[in-house]
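As structure tokens, the structure follows; a few thoughts come after it.
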Amino acid sequence: MNTKALSPSRVEGTSRRRTLGILGAAAASVALPVRAQQAYPSRPIEMVVCYGAGGTSDIYYRGLANIVARYLGQSFVVLNKPGAGSTVGTAFIKSGAPDGYRIGNITEVMMREQILGNGSFDPARDFTYIGVGASVPFGWAVRTDSPIKSLGQLVENGRKNPGGLTYGAAGSPKLPSWAMKVLETQTGARFTGVPHPSSSAILVAAIGGHIDLICDAVGAMAAAVAGQRIRMLAVSSEQRLPQWPDVPTAKELGIDATTMLPYGVGGPAGMPPAVVAKLEEALQKAYADPEHQELIGKLNMASWVRIGKDFDTYMRAQYSGLPAQLRAFGALGS
């Protein structure tokens, strides 16, 4: 048999190729898990709504989830976790693994409740504030057969008969409605808040005659107003809303009760920067999407966009200023 000995140079080259091959395989085996971890999102994402089904929050966040899903290439599972002025749902968001697969609706409401002792979380350290794309004005409304015909008449009643009129709001006993507390502080009127789990529950109670009036997001009342089941007395926005040109603002009636609530998105603290960046990018695109503009229009909301650091800065500034506001409302002791 004819055999040829390999030269030293050929042996060295073969050995080098084998070594490089082994090293390459080892590198690939290490890189595969890293790439798998970065392939976010690889499964459906939970979108937590801190209120019951059927209200403004539920409708908005379900619609937003559908839009964001297109930009992330992954579906969402919407989970309603109502109760205790949004703190049940907020605590559920906090309890999720910080991997981007549980995010949810984050507003200033949970901060107010935590300061009042109702939340098992710390807004300053327990959350990642990702972005916000809309804010909602509030309104004061009564049944169409109510003898109260104006906000001025409502305030007069609340002054002469403090606590005699009841209103529904999806808040806690200490702070059933921020907008109503603003109205009370500015006018000296007093009303009795009756907490409900959702905006739809408030409507049912009002139309059924179980409460005297509603103070809630205007979007939650739009259908009932259109159906002439309730009558809007005034709105808390800076200007009159285009869909209700005959409904005055509280401000133009001489009552400084202008207030809005931004509807943000957040997740647990400690989320990986790459995951947060992907969510921020998807939210930025979603907020600019025509479908989002249509959604907030139907819900009588206004576009109000803050992403990443801008939203984080806003939320932290709000949190630091809330104790003084709550003391002014009489909801927090000195």
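So which residues in segment 191-200 are open to solvent by less than 30 Å² (accessible area, probe 1.4 Å) and either in contact with a strand residue (DSSP E or B) (Cβ under 8 Å, 6 or more places away or on another chain) or charged (D, E, K, R) (or both), if there are any at all? Give the steps one after another, and end with the answer.
Taking segment 191-200 as the starting set, the residues that turn out to be open to solvent by less than 30 Å² (accessible area, probe 1.4 Å) are 191, 193, 198-199.
Scanning segment 191-200 gives Phe191, Gly193, Ser199.
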Original post:
If we scan segment 302-315, do we find a residue that is under 24 Å from Gly55 (Cβ atoms), over 18 Å from the mean Cα position of the chain (by Cα) and open to solvent by 10 Å² or more (accessible area, probe 1.4 Å)?
Top reply: no
Original post:
Yes or no: Lys309 farther than 24 Å from Phe138 by Cα, touching a residue at least 40 places away in the same chain (Cβ under 8 Å) and of a type outside the set (Ser, Thr, Tyr)?
Top reply: no
Original post:
Hey, any hits in segment 170-190 for a residue that's of a type in the set (Ser, Thr, Tyr), over 26 Å from the mean Cα position of the chain (by Cα) and surrounded by 15 or more Cβ atoms within 10 Å (Cβ to Cβ)?
Top reply: yes
Original post:
Consider Gln325 against the criteria (1) closer than 30 Å to Gly152 by Cβ; (2) under 17 Å from the mean Cα position of the chain (by Cα); (3) open to solvent by 30 Å² or more (accessible area, probe 1.4 Å): it satisfies all of them except one. Which criterion is unmet?
Top reply: (2)
**OP:** Might you check whether a residue that is at pLDDT below 95, more than 26 Å from Arg229 (Cβ to Cβ) and touching a strand residue (DSSP E or B) at 6+ places or on another chain (Cβ under 7 Å) occurs anywhere in segment 153-170?
**Re:** no
Original post:
If you scan segment 253-273, which residues turn out to be open to solvent by 40 Å² or more (accessible area, probe 1.4 Å), in contact (Cβ under 8 Å) with a residue 40 or more places away in the chain and either assigned to a helix (DSSP H, G or I) or of a type in the set (Phe, Trp, Tyr) (or both)?
Top reply: Leu253
Original post:
Among the residues of segment 287-294, is any open to solvent by less than 80 Å² (accessible area, probe 1.4 Å), polar (S, T, N, Q) and under 17 Å from Tyr71 (Cβ atoms)?
Top reply: yes
**OP:** Please list, ordered by first then second residue, the pairs with beta carbon atoms under 9 Å, 6 or more apart or interchain, first in segment 274-285 and free of Cβ contacts under 8 Å to residues at least 60 places away in the same chain, second open to solvent by 50 Å² or more (accessible area, probe 1.4 Å).
**Re:** none
Subject >> Residue selected from segment 39-79 under the condition in contact with a strand residue (DSSP E or B) (Cβ under 6 Å, 6 or more places away or on another chain) and open to solvent by 50 Å² or more (accessible area, probe 1.4 Å), by the criterion nearest to Glu294 (Cα to Cα) >> reply: Arg62
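The values are calculated or read from the model by the stated rules, or taken from the named source; none is laboratory data. Because the structure is predicted, anything quoted here is derived from the model rather than measured. Cβ atoms come from the backbone with ideal geometry, glycine included; neighbour counts cover every protein chain shown. The protein model used for the area step is the full one, side chains on, heavy atoms only, and it has no ligands, DNA or RNA in it. Shrake-Rupley method; radii C 1.70, N 1.55, O 1.52, S 1.80 Å.
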